[in-house]
Amino acid sequence: MSAPIQLRSDETFTLNVGPQHPATHGVLRVKMEMDGEYIYKAETVLGYIHRMHEKMGENRTYAQFLPNLGRLDYLSAMAYNHGYVLAVERACGIEVPERAEYIRVLTVELNRISSHLVWFGAFIMDLGGFTPLMYAFDDREAILDILEGVTGARLTYCYHRFGGVYNDIDDDFIEGTKAFIPRMRKALKVYENLVTKNIILMKRLKEIGPVSAEMCRRYGATGPVARGSGINYDVRKNEPYSVYNEFDYDIPVYHECDSYARYMVRMDEMEQSLRIIEQALAKLPEGPIMPAKKPKIIKPPVGDYYQAVEAARGSFGIRIVSNGDKNAYRMKLRSPTYSNMHLFDEACRGMLIADALAFMGSLDLVIPEMDR
Amino acid sequence: MSLTLINVLFAVVAAIGFAALNAAYLVWCERKGAGFFQRRPGPTENGPWGLLQPPVDGIKLMTKQLIIPGGVDKAFFMVAPVLAMFPAIMSFVTIPFSENIVAHNMDIGVLMIFAFASMGSMSLLLAGWGSRNKYSLMSSVRAVSQSIAYEIPMLITVITVVMITGSMDLKVIVEDQTAGFWQWNVFALLKSPLMPVSFLIFFICSLAETNRAPFDLGEAESELVAGFHTEYSSMGFGLFFMGEYANIVIGACLTTILFLGGWGCPFGLLPGVWWFLLKVYLLIFTFIWIRWTFPRTTIYGLLNLSWKILIPISLFNLLLTAGLLKVF
C-alpha cells in the first residue's frame, strides 16, 4: 500500500521504541530514525534481558544446565528441552526408548500450538484487535492444563531428560489430548472465519513487510519467516531427528513474502501439528521411558557436537564443544528470533510506523530468547 | 434572578449531569460489553454486577497525582483535557430528547453542535503539541488530519438531511419524521434513493470523529503508546476518557435525530423519550460491538476511505437530492 517515497535523511528525528513499548512485547529497543511517520532506518538495541545462558552452560554440569533451556523461549520451552537433550544424547551416544521419543514429539507439538496461539493473539492485538487474544488464550489454557498434568509446569517446562522423559504420560494426558484435537480444529475454523478473512486484517498484512528469500538467506532467518518467503525449509523434514520421519505431515510454504504469508504459515502449522499429535497418539508404543543403562554422570567424549531442532520460531541449534569434562567447554545456542529480528532494519525502511510494527509482530519475537 | 436565568442554569446542570453520568456508566457498559464479546465476566468486584465500578474508578483517578512533566507547554497541557469535555457537554444543551424535553432549543441546533464538535479535535491538537512527547505529537497530527477528513463527508451528509427538511432546528428535523418509521430519513427513499447510504456514511464518520476503533489512530496503543494522552495522569486523563464517551453519546444522539426519527416510535407503546434513549443505546452498543470486533485501520487506509470513497459518494448524494428536490 505505501507508495515508494523519497526519504530525505536531513529531516529526520529519532523515535525510541522501547525498551518499554506495547508493541515490542518485552524489553526490546528499536531506535528508529523517522521522517514523519516513515521509517528511515531502525537500529535494534539488544541486551536488556541478557542473562548469560551460554556462559551458564559452561560452568554447570550438563544436567544442571537443563532447566535453563526452558527459560530461553518461554513460549515453546519444550522444543528447546528437546534440542538440548538430543544434542547431549548424540554426544554421549545414549539410546532413547521409542516411547520416550513419541512422548517428546507429543509434548513438543502441543507446545508449538500453544506458542502459535500466543503469537496469534498478541499479533492481532498489535493490529488493534483485542478480542482474538482472549479466544486464543482460552484454547491455550487447555494445552497448558494437559502439559501441567504431566510435567508439573505450565510455562517453563523441564520435562525431557537425557535418555528419555521425566515421567510417563497417564490416561488423563491421552484423554485430554484426544479431546483437545477436535476442539482446536473447531477453534481454527472460528479464527479463519472471524480473523483471517477480515478485510481490515487483509489490507494491513497483504503486501506489507516484504522479506525475500534472498534476504532470509543473508540474515539466516528460519522458521515461519523463511517459509512465508517461499523457502521450503523445516528441520523436521530436512534434517530429520527424533521420530518425525514416521509421521505424515506437510510443511506449509507460502510464496507471497509478506506479513500475510507468515501469518498463514503459522495458522497452517497449527493444523499440521494437530495431525502429528493425532498420529503420535495412535502409534504410541508401549515400553520404558528411560533407557536401561545410562551413564550416571554425563561426560561426553572430546569433540564438537551440533543438534538443530525446529522450534516454534525457527531452527534452534545447540553446539556443544566438550573436552571430556563434566562441564561443557563451549556452549553455543543458536536462537531463531535473533536472526529473524535483524532483517527488520533492512525490510522496514520506507515503511510507515504502523505497518512496521505490524511487520515486527509477524516476525514473532520472543525477547528473552534473543538475548539469552 | 429572572426565570430564564434559572432555566438556563437548570439546563446546564442537567446537561452536565447527563453527560457525566453517561460517560461514567458507558465505561462500565464498554467493559461489560468487552467481557461479553470475549467470553469473560467483565467487572464484578464492586457492587452487584460491578455497578459501582465507575465511581470507584473516578475516586481512584481523582486521588492520583496530576503529574506535569518538565518542559511541557503548561497552558496548552492544562487546557486540552478541559477542551475535550466541554464541547461535548455544550452539545447536550440543544439536543431534543422528546417534544418537550430539551434544555434549550435553537433554530440553528445542527450548526451549533458541529461547531462544538470541531472544537474537540482542538483539544487533541493542544494535548499533543503541549505534551512535549514525540508519540503525542504524531498522534495529534493524525487526529487533526483524521477529523478534517471525516468532518467533510459528515457535514455534506448533514446538508443533505437539512435540505430535505428545510430546517436546521433539530426539533423540526425530528418532527418531520414522526409520522411513522417509513418516514425516518434512513428509509426516506422517495426523498433521495441514497438515504441508507448517507446513514452509513454518517455512522462511519461519527465512529471516526469520536476516535473509536477501528479508527482510533490517535491512541493506537501498539504504535503510539497512548497517543495524545500519553503524558496525562489523574483527572487529566480522566477528562479525556470521559470526553470520549460523552462524544459517543452525542454521535449516537445525532444519528438518531437525523436518521432514525428521534423520539418517533414505530407503534406508540412508550413515551417518546424512551424510544429516543432506546435508539441511542442501541447505536452505542453497535459502537462497542464494532470496537471489540475489528482490528485497527492504518492512517492511510483511513484517509483513503474518506477522500476516495466517502466524500465522492456523499457529494453525489447531495447533488442527487438537490436535483430531486428541484424537479419534484
Residues of segment B:182-218 being crowded, with 24+ Cβ neighbours inside 10 Å and within 11 Å of another protein chain (Cβ to nearest Cβ), in sequence order, are B:F215, B:L217
The number of residues in segment B:29-61 that are part of a helix (DSSP H, G or I), out of contact with any Ser or Thr (no Cβ under 7 Å at 6 or more places or on another chain) and farther than 24 Å from B:I284 by Cα is 2
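For every residue, the table says whether it meets (1) crowded, with 17+ Cβ neighbours inside 10 Å; (2) at pLDDT 80 or above; (3) farther than 30 Å from A:D139 by Cβ; (4) not polar (S, T, N, Q).
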| site | (1), (2), (3), (4) |
| --- | --- |
| B:M1 | no, no, yes, yes |
| B:V8 | no, no, yes, yes |
| B:V13 | no, yes, yes, yes |
| B:A24 | yes, yes, yes, yes |
| B:P43 | yes, yes, no, yes |
| B:G50 | yes, yes, no, yes |
| B:Q53 | yes, yes, no, no |
| B:T63 | no, yes, yes, no |
| B:V72 | yes, yes, yes, yes |
Residues that are over 30 Å from A:Y38 (Cβ atoms) and among the polar types (S, T, N, Q): does segment B:295-304 have at least one?
no
Residue in segment B:294-301 that is of a type in the set (A, V, I, L, M, F, W, C) and either free of Cβ contacts under 8 Å to residues at least 24 places away in the same chain or in a helix (DSSP H, G or I) (or both) present
yes
What about B:S192, is it out of contact with any Phe, Trp or Tyr (no Cβ under 8 Å at 6 or more places or on another chain), assigned to a loop (DSSP other than H, G, I, E, B) and not aliphatic (A, V, I, L, M)? yes
Scanning segment A:207-223 for residues that are closer than 28 Å to A:R236 by Cβ and either within 14 Å of chain B (Cβ to nearest Cβ) or buried (at least 24 other Cβ atoms within 10 Å of the Cβ) (or both), the one modelled with the lowest pLDDT turns out to be A:G209
The correct count of residues that are over 16 Å from the mean Cα position of the chain (by Cα), at pLDDT 75 or above and either of a type outside the set (G, A, S) or within 19 Å of B:F294 (Cβ to Cβ) (or both) in segment B:187-216 is 5
Just a yes or no: is a residue in segment B:260-274 small (G, A, S), within 14 Å of chain A (Cβ to nearest Cβ) and within 23 Å of B:T157 (Cβ to Cβ)?
no
The number of residues in segment A:90-127 that are more than 14 Å from chain B (Cβ to nearest Cβ), in a helix (DSSP H, G or I) and not hydroxyl-bearing (S, T, Y) is 21
Selection from segment A:289-299 of residues more than 22 Å from A:G176 (Cα to Cα) and in contact (Cβ under 8 Å) with a residue 60 or more places away in the chain yields A:M290, A:P291, A:K294, A:P295, A:I297, A:I298, A:K299
Out of (1) out of contact with any Ser or Thr (no Cβ under 7 Å at 6 or more places or on another chain); (2) under 26 Å from B:T297 (Cβ atoms); (3) at pLDDT below 85; (4) of a type in the set (S, T, Y), the one B:Y232 does not meet is (3)
If you go through A:F130, A:F137, the only one that is surrounded by fewer than 23 Cβ atoms within 10 Å (Cβ to Cβ), within 14 Å of another protein chain (Cβ to nearest Cβ) and within 18 Å of the chain's Cα centre (by Cα) is A:F137
By residue number, the members of segment A:248-263 that are surrounded by 16 or more Cβ atoms within 10 Å (Cβ to Cβ) and more than 19 Å from A:L343 (Cβ to Cβ) are A:Y249, A:I251, A:P252
- request: Would you be able to say whether some residue in segment B:95-104 is outside any loop (DSSP other than H, G, I, E, B) and either free of Cβ contacts under 8 Å to residues at least 12 places away in the same chain or of a type in the set (D, E) (or both)?
  value: no
Here the qualifying pairs (Cβ atoms under 6 Å; residues six or more apart or on different chains; first in segment A:321-332 and more than 17 Å from A:Q64 (Cβ to Cβ); second among the hydroxyl-bearing types (S, T, Y)) come out as A:V321/A:Y329; A:N323/A:Y329
Scanning segment A:36-60 for residues that are of a type in the set (D, E, K, R) and either within 12 Å of chain B (Cβ to nearest Cβ) or part of a loop (DSSP other than H, G, I, E, B) (or both) gives A:E37, A:R51, A:R60
Picked from segment B:280-293 (must be out of contact with any Cys (no Cβ under 9 Å at 6 or more places or on another chain) and either more than 14 Å from chain A (Cβ to nearest Cβ) or among the aliphatic types (A, V, I, L, M) (or both)), the residue nearest to B:L260 (Cα to Cα) is B:L282
Q: Would you check if there is a residue in segment A:146-167 being within 14 Å of another protein chain (Cβ to nearest Cβ) and crowded, with 23+ Cβ neighbours inside 10 Å?
A: no
Expected output for segment A:342-354 (first residue on the phi < 0 side of the Ramachandran plot, partner surrounded by fewer than 23 Cβ atoms within 10 Å (Cβ to Cβ) and acidic (D, E), Cβ below 6 Å, 6+ apart or cross-chain) is A:L352/A:E37; A:I353/A:E37
Does segment B:221-229 include one or more residues that are over 30 Å from B:K64 (Cα atoms), assigned to a helix (DSSP H, G or I), over 13 Å from the mean Cα position of the chain (by Cα) and modelled with pLDDT under 80? no
Result of the Cβ filter at 7 Å on segment B:23-44, keeping first residues that are away from every other protein chain (no Cβ under 11 Å) and in contact (Cβ under 8 Å) with a residue 24 or more places away in the chain and partners that are among the hydroxyl-bearing types (S, T, Y) and buried (at least 18 other Cβ atoms within 10 Å of the Cβ), at least 6 apart or interchain, is B:A23/B:Y245; B:L26/B:Y245; B:V27/B:Y245
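The values are calculated or read from the model by the stated rules, or taken from the named source; none is laboratory data. Values in this document were obtained by computation on a predicted structure and should not be read as measured data. Cβ: placed from backbone, ideal geometry, glycine included. Neighbour counts: every protein chain shown.
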